[in-house]
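Enquirer: Structure provided below as structure tokens; questions to follow.
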Amino acid sequence: MKEITQKLEGKINRLTNKTFKFDERIKEGWFSAVYFLKTKEIAENKLPDNYVTMQFFQKENAVLCGTDEAIALLHTFAENPETLEIHSLKDGDRIGPYESVLTVSGAYQQFGFLEGIIDGILGRRTSVATNVYNVVKAARTSGKQKPVIFMGDRDDHYTQQAGDGYAAFIGGSTAQATHAMNEWWGKKGMGTMPHALIQMFRGDIVAASKAYHEMYPEDDLVALVDYNNDVITDSLKVAHEFGKDLQAVRIDTSRTLVDKYFLRNHHLMGTFDPRGVNPELTFALRKALDDEGFSHVRIMLSGGFTESRITHFEKLGVPVDMYGVGGSLLKINIGFTGDNVLLNGSPEAKEGRRFRPNPRLEKVTMNQAD
């Protein structure tokens, strides 16, 4: 049983290193800034009895993610972690600017060298979770929640897929492109056909879809219909071929192209940008499918979608059923800071920083995370 299942069932409070599988070189300081390592040695030799409180915060309204990972990091690599006093919010909590999300108290030499790694974990995970949350929120602007599929594999380093997929899950995406993206939270990757499959069938979308359907009959058949830059023609071809078996069509037209539908209908041009995946093309596709009896076929849009672009489509009432979103969800736009704010129980911090108690923080113990 995956730890995420145990957590959702209330059997454990937090995920642990059984999920995260940290690189053992963290213990050696391999991923820590050298000045943290030098400070650790100075503290050990010159100030061995110090007791500090380190406080972590950021400056945006955000969806917090990475606390389980940061705490597991401390429990795995800090010296005598059972003696640390840790208080934390939880993954998925909504947080505000300058709100303390995590505090760690103990001797600096026990855990201080992990500060930058914790900042990086919280910053990346919270950025992705917040981006996804905002996109998912945008996808319900019309009043109906449209599914958002996390398609960030080509925009991400493969080693980050598991963590980013978990952050996307925390943000509200429940379908993701690779198995790795789903590793920490339990499902398998999903997807149907890329342009490469259609290319090998020389642009024959019906033949490509038939091959897919024969190989994966249990999958929902979703045809990618922009390969020939003739979305409506190819959508109707696969709809007539597969009837009720065709669940959806996906448009992924390049932003540098104008679909052949508009080239055949010049009178429609002149009041909108006809390039790429656009509202007018989607409206026309929906009408064409409905007129020929294929109202059951859903429409999925992908290719350069962002929170603002989805909001625009939803406010226009564009008949889209789901969105595939990639690169915009991986923008790292939230940075965390760890500050030492108490020394031996008394306020001591750099100018402009101070201890900010947060009644929402929960005390974390080793057995809570084991």
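Enquirer: Can you give me the number of residues within the stretch 326-353 that are in contact (Cβ under 8 Å) with a residue 60 or more places away in the chain and of a type in the set (Gly, Ala, Ser)?
Expert: Residues that pass the stated criteria total 6.
Enquirer: Looking at 92, 29, 96, which one is closer than 16 Å to residue 170 by Cα and among the small types (Gly, Ala, Ser)?
Expert: 92
Yes/no per residue for (1) crowded, with 19+ Cβ neighbours inside 10 Å; (2) not charged (D, E, K, R):
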position: 6; (1), (2): no, yes
position: 21; (1), (2): no, no
position: 24; (1), (2): no, no
position: 41; (1), (2): no, no
position: 51; (1), (2): no, yes
position: 61; (1), (2): no, yes
position: 64; (1), (2): yes, yes
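Enquirer: Okay, next question. Answer yes or no as to whether residue 173 is in contact with a helix residue (DSSP H, G or I) (Cβ under 8 Å, 6 or more places away or on another chain), of a type in the set (S, T, N, Q), part of a loop (DSSP other than H, G, I, E, B) and surrounded by 21 or more Cβ atoms within 10 Å (Cβ to Cβ).
Expert: Considered against the rule, which asks whether it is in contact with a helix residue (DSSP H, G or I) (Cβ under 8 Å, 6 or more places away or on another chain), of a type in the set (S, T, N, Q), part of a loop (DSSP other than H, G, I, E, B) and surrounded by 21 or more Cβ atoms within 10 Å (Cβ to Cβ), residue 173 comes out as yes.
Enquirer: Would you check if residue 311 is among the hydroxyl-bearing types (Ser, Thr, Tyr), in contact with a strand residue (DSSP E or B) (Cβ under 9 Å, 6 or more places away or on another chain) and within 29 Å of residue 94 (Cα to Cα)?
Expert: no
Enquirer: A further question on this structure: Which pairs have Cβ atoms under 7 Å, sit 6 or more apart or on different chains, and link a residue in the stretch 1-24 that is within 16 Å of residue 90 (Cβ to Cβ) to one that is in a loop (DSSP other than H, G, I, E, B) and small (Gly, Ala, Ser)?
Expert: Filtered contacts from the stretch 1-24: 4/186.
Enquirer: Please work out if residue 162 is in a helix (DSSP H, G or I) and surrounded by fewer than 19 Cβ atoms within 10 Å (Cβ to Cβ).
Expert: Here the answer is no, as residue 162 does not meet what is asked.
Enquirer: I'd like to check something: does the stretch 8-15 contain any residue that is in a loop (DSSP other than H, G, I, E, B) and within 20 Å of the chain's Cα centre (by Cα)?
Expert: Yes, the stretch 8-15 contains at least one residue that is in a loop (DSSP other than H, G, I, E, B) and within 20 Å of the chain's Cα centre (by Cα).
Enquirer: Separate question: Of the residues that make up the stretch 124-132, is at least one surrounded by fewer than 23 Cβ atoms within 10 Å (Cβ to Cβ) and touching a residue at least 24 places away in the same chain (Cβ under 8 Å)?
Expert: Yes, the conditions are met somewhere in the stretch 124-132.
Enquirer: Go through the stretch 235-257 residue by residue and tally those that are in contact (Cβ under 8 Å) with a residue 24 or more places away in the chain, open to solvent by 20 Å² or more (accessible area, probe 1.4 Å) and not in a helix (DSSP H, G or I).
Expert: Total meeting the criteria: 6.
Enquirer: Inspect all residues belonging to the stretch 354-366 and state whether any of them is without any contact (Cβ under 8 Å) to a residue 60 or more places away in the chain and more than 30 Å from the chain's Cα centre (by Cα).
Expert: yes
Enquirer: Shifting gears a bit: Can you tell me which residues in the stretch 176-224 are open to solvent by less than 40 Å² (accessible area, probe 1.4 Å), closer than 16 Å to residue 301 by Cα and among the hydrophobic types (A, V, I, L, M, F, W, C)?
Expert: Those that are open to solvent by less than 40 Å² (accessible area, probe 1.4 Å), closer than 16 Å to residue 301 by Cα and among the hydrophobic types (A, V, I, L, M, F, W, C): 177, 193, 221, 222, 223, 224.
Enquirer: Applying the selection to the stretch 319-370, what residues are in contact with a helix residue (DSSP H, G or I) (Cβ under 8 Å, 6 or more places away or on another chain), of a type in the set (S, T, N, Q) and at pLDDT 95 or above?
Expert: Those that are in contact with a helix residue (DSSP H, G or I) (Cβ under 8 Å, 6 or more places away or on another chain), of a type in the set (S, T, N, Q) and at pLDDT 95 or above: 337, 340.
Enquirer: Which residue out of 105, 127 is under 24 Å from residue 54 (Cα atoms), within 13 Å of the chain's Cα centre (by Cα) and of a type outside the set (Lys, Arg)?
Expert: 127
The values are calculated or read from the model by the stated rules, or taken from the named source; none is laboratory data. Bear in mind the structure is a predicted one, so any value in this text is a computation, not a measurement. So basically every Cβ, Gly included, is an ideal-geometry build from the backbone, and we count neighbours across all protein chains shown. Heads up: the accessible areas ignore ligands, DNA and RNA and are worked out on the full protein's heavy atoms, side chains in. Shrake-Rupley method; radii C 1.70, N 1.55, O 1.52, S 1.80 Å.
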